[in-house]
């Protein structure tokens, strides 16, 4: 999924297009090519099902060129990869459970309740 303006306005990114394409083409892997400023829409595209992402990378956003404003610098590329990896862990498996780390808190709250 891609909107080809540089930089893409938030209202024209249409991230739900990732889900639309996935539903229309269930046997294909859907990716996202981002031309927006910032990293959040690209991370959100992964949350919505994009299995690959593409961003323009520059050494210096102030350089001349039509896509510099929509490009990310190397430090941002590192942040983007870290954010996507964190998202993959945070999405979990969808099973609702009480985690072991929650159990002592639940016990403490139960003891402090007055009826």
Nearest 10, in degrees from 0 to 90: the angle of helix 74-91 to the longest Cα principal axis of the chain is 40 degrees
The chain: relative contact order in percent, alpha carbon pairs under 8 Å with at least 6 residues between
21 percent
What does the helix-only formula give at 222 nm for the chain: each DSSP H stretch with n ≥ 4 adding -39500 (n - 2.57), the total divided by the residues, and the result rounded to the nearest 500 deg cm²/dmol?
-12000 deg cm²/dmol
Two decimals, Cα atoms only, Kirkwood Rh: what is Rg/Rh over the stretch 17-114?
1.20
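None of the figures in this text is laboratory data; all of them are computed from the coordinates on show. Please read these numbers as outputs of a predicted model, since none were measured by experiment.
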